[in-house]
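Participant: Right, I'll just put the structure down here and ask away after.
What follows is calculated from the coordinates using simple rules that are stated; it is not laboratory data. Bear in mind the structure is a predicted one, so any value in this text is a computation, not a measurement. Cβ: placed from backbone, ideal geometry, glycine included. Neighbour counts: every protein chain shown.
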Amino acid sequence: MKKNVFIAVAGAVIAVMALALVKLGNPPNMGFCIACFLRDITGGLGLHRVNTLQYIRPEIIGLVLGAFATSLFTREYRSLGGSNSFTRFILAFFVMIGMMVFLGCPLRMVLRIAGGDLNAIVALVGLVAGVLLGVAFLRKGFSLGRAIPQNRTNGYIFPLLFVAMLVLLLARPAYIFFSEQGPGSMHAPIIAALVAGLIMGILAQRTRFCFVGGIRDSILFGEFYLLYGFLTLLVVALIGNLVLGSFNLGFVNQPIAHNDGVWNFLGMALGGFGSVLLGGCPLRQLVSASEGNTDSALTVLGLIAGAAFAHNFGLAASTKGVAVNGQIAVIIGFAIILLIAFLNTKGIPVRQGVSAGGSKGC
Amino acid sequence: MEVRDARGLLCPEPVLIAKREIEQLGRGAFQVIVDTVAARDNITRLAKSKKWEITVEPSGDEFLLTLKKA
């Protein structure tokens, strides 16, 4: 019971920080958004060139360093890897495409609902549908296989990468992009964002905060632990928005959102489906990578690659809606994730080790 | 006593392994080896909700969980 109280309090703290970050300059309903912030970092590094979505988000840096330090302190840090790493990269790639079609990760989805954005409720239904699809494969025995312990230092590479990001953010070299307009230009002061990220990282590491995991566990085990965090997050953010006057109920004219219901549903369904197979949403992957899991680290790179492709190929949604390219990408994403799910499920017979032209090995 | 190895598996797989064992056995005893605190905590919670006794023995970076129901 104590744990349930702790995660509920954590959800409330995250809600308050999210509201504060918006007040301090973050885009509306985007106090935290793991998918959007990774996309902004992707842009900041010049891996996509949409000049309104480029910023090295300190929240992500803080989150990684907070979770890493906490895992060292609690001795939960373990360098692990080798559980179908490349397959995870591909899954993450399409998870990001789905989330860019909706315009947010599960965390921002909840914050959007709390801001009165009804499109996010459509996405929530999609997310649950996607999680159900993933759970069906888990029940049949889907597994990406075992990770094995790695030399301890390999897990340090991921947090070090984000120390490097912090240096780039502070030094602002000419080759790093900082948006001067649009959502990328809207941000809280670096120190506030960094501290909020650190606190978030500590809380997320201690509670294993994950909305996808919450829906999954409630279906699989009747276990609601992870959902308590999101429940208080939603309630506190909702009350906060009402008090601050930033609650705007409806489908149209929502900030950094579109109201194409079909693609809000399908985008988040794709994100939920892939996330279940990966063992958690983008937030959980970041925390897990910070705790030394190198498969999760590669998953985060898959998310970044997905964000780069989403914007370089015009797949991501805009406030006007979802372009045909994005719709096709979501359908391809479903096909590929379904294929990966089938081929890695024990209960479904698949011929193993088929050799091309009778040759063994290479 | 049956020992199930759930090392290196990401959540929820260790919990699913324990859950399948609990459902197949109905009563009796089995052990699960896990290597993450998350898996240890989640299986502990599962055992309690299914009214199975659970003991946790840490060894190095791993945990040996023993589940029993009379």
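Participant: With a cut-off of 8 Å between alpha carbons and a minimum separation of six or more residues, what is the relative contact order of region A:2-346 in percent?
Facilitator: Across region A:2-346, relative contact order equals 37 percent.
Participant: Among A:238-245, A:287-294, A:133-140, A:173-180, what's the highest-first ranking by average C-beta atoms within 10 angstrom per residue?
Facilitator: Details: A:238-245: 14.6, A:287-294: 27.0, A:133-140: 18.6, A:173-180: 12.8.
Ranked by mean Cβ neighbours within 10 Å, highest first: A:287-294, A:133-140, A:238-245, A:173-180.
Participant: How big is the gap, in Å, between the Cα center of region A:110-136 and the Cα center of region A:21-86?
Facilitator: With region A:110-136 and region A:21-86 each reduced to a Cα centre, they are spaced 21 Å.
Participant: Need one word for region A:60-99: rounded, prolate or oblate. Basis is the Cα gyration tensor (sqrt eigenvalues a ≥ b ≥ c); a/c below 1.5 gives rounded, then a/b vs b/c decides.
Facilitator: Judged from the Cα gyration tensor, region A:60-99 comes out oblate (a/c at least 1.5, b/c at or above a/b).
Participant: Further, regarding this structure: Mind checking A:212-220 for the average number of partner chain beta-carbons within 10 Å of each residue's beta-carbon? Intermediate values should be presented prior to the final figure.
Facilitator: On the way: counts 0, 4, 0, 0, 2, 6, 0, 0, 5.
Mean number of neighbouring Cβ atoms from other chains: 2.
Participant: At a temperature of 20 °C and a viscosity of 1.002 mPa s, determine how fast region A:16-80 diffuses translationally according to Stokes-Einstein, using the Kirkwood radius over alpha-carbon pairs as Rh; express D in µm²/s, rounded to the nearest whole number.
Facilitator: D = 162 µm²/s.
Participant: Quick one: putting +1 on the C-beta of Lys and Arg, -1 on the C-beta of Asp and Glu, what dipole do you get for the protein assembly as shown around its Cα centre, in Debye to the nearest 20?
Facilitator: Result for the protein assembly as shown is approximately 660 debye, rounded to the nearest 20.
Participant: Something else: Find, to one decimal place in angstroms, the Kirkwood hydrodynamic radius of region A:231-281, where the mean of 1/r is taken over every pair of different Cα atoms and then inverted.
Facilitator: 13.3
Participant: Antiparallel as a % of all DSSP beta bridges within the protein assembly as shown, to the nearest 5?
Facilitator: Expressed as a percentage, antiparallel bridges in the protein assembly as shown total about 75.
Participant: Moving to a separate point now. Label points 7 Å out from Cα along the Cβ direction at A:I336 and A:V235: separation in nm?
Facilitator: Calculated label separation equals 4.1 nm.
Participant: Once the dipole of chain B is set up with Lys and Arg at +1 and Asp and Glu at -1 on Cβ about the Cα centre, which of B:T36, B:C11, B:A47 lies farthest towards its positive end?
Facilitator: Of the listed residues, the answer is B:A47.
Participant: Within chain A, which DSSP H helices have Cα atoms that stretch 20 Å or more along the helix axis and a mean Kyte-Doolittle hydropathy of at least 0.0?
Facilitator: On the way: long enough: A:2-23 (32 Å, 1.70); A:58-73 (22 Å, 1.65); A:85-102 (26 Å, 2.02); A:119-140 (32 Å, 1.88); A:157-171 (21 Å, 3.01); A:190-207 (25 Å, 1.84); A:225-244 (29 Å, 2.23); A:261-278 (25 Å, 1.43); A:294-312 (27 Å, 0.98); A:324-343 (29 Å, 2.50).
Answer set is A:2-23, A:58-73, A:85-102, A:119-140, A:157-171, A:190-207, A:225-244, A:261-278, A:294-312, A:324-343.
Participant: When chain A is modelled as a GNM with alpha-carbon springs shorter than 10 Å, which of A:V128, A:V195, A:V324 fluctuates the most?
Facilitator: Comparing A:V128, A:V195, A:V324 in a Gaussian network model of chain A, the most mobile one is A:V324.
Participant: Within 10 Å of each Cβ in peptide A:221-228, how many partner chain Cβ atoms are there on average? Round it to a whole number, please.
Facilitator: Taking the mean over all residues of the peptide, I get 3.
Participant: OK, next. Determine how many Å³ per residue the convex hull of the Cα atoms of region A:78-117 encloses.
Facilitator: 75
Participant: Here's a follow-up. Work through the residues other than A:L249 whose Cβ is under 13 Å from its Cβ and net out their charges, Lys, Arg +1 and Asp, Glu -1.
Facilitator: Around A:L249, the charge tally is 0.
Participant: Taking square-rooted eigenvalues a ≥ b ≥ c of the alpha carbon gyration tensor, is region B:2-69 rounded, prolate or oblate, where a/c under 1.5 means rounded and, failing that, a/b exceeding b/c means prolate?
Facilitator: It is prolate, given that a/c is not under 1.5 and a/b is the larger ratio.
Participant: Please give the per residue volume of the convex hull enclosing the alpha carbon atoms of the protein assembly as shown, rounded to a whole number of Å³.
Facilitator: So the per-residue Cα hull volume is 149 Å³.
Participant: Expressed as a rounded percentage, what relative contact order does chain B have, with Cα pairs under 8 Å and six or more residues apart?
Facilitator: Averaging sequence separation for qualifying contacts and normalising by length gives 34 percent for chain B.
Participant: Same structure, new question: Could you let me know the centre-to-centre spacing of region A:210-247 and region A:288-308, using Cα atoms, in angstrom?
Facilitator: 24
Participant: Here's something else I'd like to know. Is the shape of region A:9-163 best called rounded, prolate or oblate, per the rule: a/c under 1.5 gives rounded, else a/b larger than b/c gives prolate, else oblate, with a ≥ b ≥ c the square roots of the Cα gyration tensor eigenvalues? Could the numbers behind the result be given before it?
Facilitator: Working: a/c = 1.55, a/b = 1.19, b/c = 1.31.
Cα axes put region A:9-163 in the oblate bin.
Participant: Using only Cα atoms, find the angle between the long axis of helix B:37-49 and the longest principal axis of chain B, and express it within 0 to 90 degrees, rounded to the nearest 10.
Facilitator: Once rounded, the angle reads 10 degrees.
Participant: Test of understanding: what is the full-extension gain from B:K48 to B:E23, defined as 0.36 nm times their sequence separation minus their Cα-Cα distance? Mind showing how you got there, number by number?
Facilitator: Values: separation 25, 0.36 × 25 = 9.00 nm, distance 1.40 nm.
Length difference between fully extended and current span is 7.6 nm.
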